[in-house]
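The structure appears right after this line, and notes come after that.
The values are calculated or read from the model by the stated rules, or taken from the named source; none is laboratory data. Given the structure is predicted, the values throughout are model-derived calculations rather than measurements. Every residue, glycine among them, receives a Cβ derived from its backbone with ideal geometry; neighbour counts consider all protein chains shown.
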Amino acid sequence: MTRALDVLVIGGGPAGYIAAARLGQLGRKATVVEKEHLGGECLNRGCIPSKALIHVSSTYRHLRDHGEEMGLPIAENSFDVGAMQRWKTSVVEKERKGVETILKGNGAEWIRGTASFTGPDRAVIESETGKEEVSFQAAIVATGGYHVALAGMEPDGKQILSAREMLELDHVPPRLVVLGGGVSGVELGEHYARLGSQVVIVEMMPQILPGIERDLVREVARTLEGMGIRLLTSAKAEGLRKEPAGVTLTVKTLTGTEEIPGDVLFMTVGKRPETRHLNLEVAQVALNVKGFPVVDDRMATSNPRIFAAGDFARPPMLAHKSYREGIVAAEAAAGLPTRWSHQAVPSVIFTVPEVASVGLTMADCEGKGITAREARFPYAALGRAHANHEEKGFVKLVAEEGTGLVLGVHAVGAACGDYISEAALAIEMGATVRDIAGTIHPHPTYGELLGEVALLWLGEPLHVAVRKSARGNP
Amino acid sequence: MVYEFRLPDIGEGVAQGEVVKWHVKVGDAVAEDQPLMSVLTDKANVEIPCPVKGRVVAIHAKEGEMVKVGGLLITFEAEGAPAPPRAEGHEAPPASPAPAAPPSAAAPAPSPGNDRVITTPSVRRRANELGVDLRNVKGTGPGGRITEADLEGFHRGGSAPAAPAAPAAPTPAPSSTGLAGRGASLPAPKVPVPVPSASAPGATVPLQERIPIRGLRRVIAEHMSVSKAHAAHYTYVEELDVSELVRVRERAKKRFEEKGVPLTYLSFITKAVVESLKEHPRLNAYMDDEKGEIVVCHYYNIGIATATPDGLIVPVVRDADKKSISNIAKEIEDLSTRGRVGKLSREELTGSTFTISSLGALGGLLATPILNYPEVAILGVHKIERRPVVQSDGGFGVAHMMNLSISLDHRAVDGYDGAQFIAAVKARLEDPHQLLLELR
């Protein structure tokens, strides 16, 4: 018995559930197959739980470091890891229910199980109730990515931990070795350092957070090192020894070989698209040399019935990119004229200080032959930054010489992940620096930084090197 | 190292593909994943990304050439080896997401500075809906920004596309080229030599444009020639009074539109055709020229000729005899929408037993449709308009009139049979109540 489905959505993460919701809006019926919880990595073992924990530890650390001066002293180690975990879990569970409601509200069906293709327009779904053969009008594959580990260092749940397990620790490991200085390695390494872990971050590239501009990273690295985190860059993991008392990682650096002891090792060296178990060959979905499916700008694969979205489809592996691809894939699957036509994908790293970036850097402009100029405005010149005791950081604006078109904004400092949206809008809208400078930014907020850096770019700065507190309240 | 790239198996079980377009040329520095080429297989256009970082050394297949799976396409001088398929060391997987826009596998080549389209997300969305390439629209806003009005104006044909990159000087081929040695006495075709017109200083519009017959255009060209060469075409035209049909549809239209069904005349005509084919099965047939047989079909798959930006396609409403008028309407709408954006499966584009070609409101007085070979009949549908008519009482009146042109293969269907079939269709469309009574 083959059941005829309308649209089969494989994966209930950000790309999958958003695609299902959009299909519902378009009057199509989505059947979502998800083997774990709805919400995918982002909601269950990524963005959301990590932010719940990071918010608590950074609040603690801020008060520990500045509380006395600001009038809210806090005792050393006055945090409760158990309560922190319960808080995180409550947030995740609330969000999961939210996703379930979204699916229901859009008439989508959720099957807890796995799916693999048995032909270009058919698949088999395995769930608790057994195997079910289905055919589909269209399918959207959004299975996400899986974390890779170095050979011989696969997470064991005890001494070698994955991101999922790092988010569930019921204690603060005294010595933590982080293998991989990418986003999650740095975010979670910093989190445990705030709570007292001695942390070493080992990164193969010459800098942590590879791919992010060096001056932004330098600002983060200074803070990390200031709180005692050791950053070992250009360092390659050579081997790992497990002992009863912990692990020892052998690392080859530019200067020699070093042994790094720790209680646990956090393995976070990267992700690959989850193409295993899908039987994509039978579905006539071609993969490129990097293992991602070949997709067009409607997210269609080489099989015109099958679409891809999210981490499975292509980098960068970011939840908000997945959402948008889910929308495009759903619209395309429903036969609407649609296209990925976004100008830029913002990215945010939730360190303290935060890092946010959207659009082109000066180096990008050079590569593309665009004549651009950059202005840089410091947090230290912003009233609100002083009031919050978060004076570290700066924001950079890249705009085209002559036209003044906004091409990119890159920031490190408090709240930049929030105000970066304004920069993303500017780029999508083709706004000029004059447009940003001509917009009133409410005082006193971090958002003012964009208005100020725009004025600075135009050569009309009003606040650089002049502290707001010295000018009185306008 | 030298890296040779061969046509990969791009699915659909196809053995070969046509090189539609190269996005790179010899000497280009290329990055991994940048758009490399478009390949057309049967009906699907596939974008192939560049597999390596390096430089293009040689291109082995010309645009328009058919290449077999495994056939050599292009040679690169690659920088290092291509990325290994699995993580073997610390270095393989990307450790962190890149902050910039994702390398979209099939997006147009990353546009250098001046190619940038400056507009808003809402205009981009609208352009997608209209199928307009914004790179062709001239923006009138600050810094060349494309406004909603610019787009709508362009779409209505109000503004000319931004000047396309015209070839610097369209040079006609020297008259002897290609003919020498093959009978040089043949007179060379006179190619008008473009002379910059004094009245239009600076105008660089070429006097001729050569459009290669490629992709869908080639499929159409071959198909039509085969049809004309094999079938013994004749065309028969009839005039219908569809006043009652217009009334019936007008009454029902709104109710159906609320349910999202565009109740088109075409759906009524399709139904009338199917019911009439049941009485005249010889027209629901195709020629098996190899065996010298007429294959009469007892299923009713109606092909609907549909114009798309790339050319004519014929999506198929399967088992139309088992579907209601409104379901047929819905299906035609769906097929043509997806057809216009090239998203129909091969299955949806093959297997028709009878074809209808309608130009809707445009559709003139009569036509001589070319058969959708090897089918034996194709019906052309013309516009409905008010015309003066002589009524049964001898007086003059005004009625909604419509013409039908049917082309038939005389090898299979004689004139008398064709005329009888059209009479049956006419009877149903002139008295739609009869048609509605026939419904299951």
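What to note about this one:
- Single residue of region B:224-282 satisfying the filter (assigned to a helix (DSSP H, G or I), in contact (Cβ under 8 Å) with a residue 24 or more places away in the chain and of a type in the set (Asp, Glu)) that is farthest from B:Ala423 (Cα to Cα): B:Glu244
- Looking only at region A:316-367, residues that are assigned to a loop (DSSP other than H, G, I, E, B) and either hydroxyl-bearing (Ser, Thr, Tyr) or in contact with a Pro (Cβ under 7 Å, 6 or more places away or on another chain) (or both) come to 8 in all.
- Being more than 12 Å from every other protein chain (Cβ to nearest Cβ) and charged (D, E, K, R) is a property that A:Glu281 lacks.
- Residues that are surrounded by fewer than 17 Cβ atoms within 10 Å (Cβ to Cβ) and touching a residue at least 40 places away in the same chain (Cβ under 8 Å) within region A:115-126 comprise A:Thr118, A:Gly119, listed in sequence order.
- Residues located in region A:132-152, provided they are surrounded by 22 or more Cβ atoms within 10 Å (Cβ to Cβ) and of a type in the set (S, T, N, Q): A:Thr143
- If the condition is being within 13 Å of another protein chain (Cβ to nearest Cβ) and either within 30 Å of A:Ala30 (Cβ to Cβ) or crowded, with 21+ Cβ neighbours inside 10 Å (or both), then region A:351-369 contributes A:Thr351, A:Val355, A:Ala356, A:Ser357, A:Val358, A:Gly359, A:Leu360, A:Thr361, A:Cys365.
- Within region B:54-69, being surrounded by fewer than 18 Cβ atoms within 10 Å (Cβ to Cβ) and within 14 Å of chain A (Cβ to nearest Cβ) holds for one residue alone: B:Val69.
- Residue check for B:Ala285: crowded, with 21+ Cβ neighbours inside 10 Å and closer than 22 Å to B:Arg247 by Cα: no
- Residue in region A:179-196 that is in contact with an Asp or Glu (Cβ under 8 Å, 6 or more places away or on another chain) and either more than 14 Å from chain B (Cβ to nearest Cβ) or at pLDDT below 95 (or both) present: no
Yes or no, residue by residue, for (1) surrounded by 17 or more Cβ atoms within 10 Å (Cβ to Cβ); (2) in contact with an Asp or Glu (Cβ under 8 Å, 6 or more places away or on another chain):
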| position | (1), (2) |
| --- | --- |
| A:Gln207 | yes, no |
| A:Leu216 | yes, no |
| A:Ile229 | yes, yes |
| A:Gly239 | no, no |
| A:Arg276 | no, no |
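- Cβ-Cβ distances below 7 Å connect the following pairs, each with a first residue in region A:343-372 that is on the phi < 0 side of the Ramachandran plot and without any contact (Cβ under 8 Å) to a residue 60 or more places away in the chain, a second residue that is surrounded by fewer than 21 Cβ atoms within 10 Å (Cβ to Cβ) and assigned to a helix (DSSP H, G or I), and a separation of six or more residues or different chains: A:Lys368/B:Gly113; A:Ile370/B:Gly113; A:Ala372/A:Met362.
- Just one residue in the set A:Arg175, A:Arg164 is more than 30 Å from A:Val9 (Cα to Cα), charged (D, E, K, R) and either away from chain B (no Cβ under 13 Å) or in contact with a strand residue (DSSP E or B) (Cβ under 9 Å, 6 or more places away or on another chain) (or both); that residue is A:Arg175.
- Qualifying positions in region B:284-333 - within 28 Å of B:Glu222 (Cα to Cα) and of a type in the set (Val, Ile, Thr): B:Ile294, B:Val295, B:Val296, B:Ile302, B:Ile304, B:Thr306, B:Thr308, B:Ile313, B:Val314, B:Val316, B:Val317, B:Ile332
- Selection count, region A:77-115, where residues are closer than 30 Å to A:Val172 by Cα and in contact with a helix residue (DSSP H, G or I) (Cβ under 7 Å, 6 or more places away or on another chain): 8
- The selection criterion, being aromatic (Phe, Trp, Tyr), touching a residue at least 24 places away in the same chain (Cβ under 8 Å), under 30 Å from A:Gly67 (Cα atoms) and more than 11 Å from chain B (Cβ to nearest Cβ), holds for A:Tyr379.
- Residue check, A:Arg324 within 8 Å of another protein chain (Cβ to nearest Cβ), touching a helix residue (DSSP H, G or I) at 6+ places or on another chain (Cβ under 9 Å) and within 30 Å of B:Leu130 (Cα to Cα): no
- If you go through region A:412-425 and keep only what is assigned to a helix (DSSP H, G or I) and touching a residue at least 24 places away in the same chain (Cβ under 8 Å), you end up with A:Cys416, A:Gly417, A:Asp418, A:Tyr419, A:Ile420, A:Ser421, A:Glu422, A:Ala423, A:Ala424.
- Taken over region A:426-453, the residue count meeting the criterion of being touching a residue at least 24 places away in the same chain (Cβ under 8 Å), part of a loop (DSSP other than H, G, I, E, B) and within 18 Å of A:Tyr379 (Cα to Cα) is 5.
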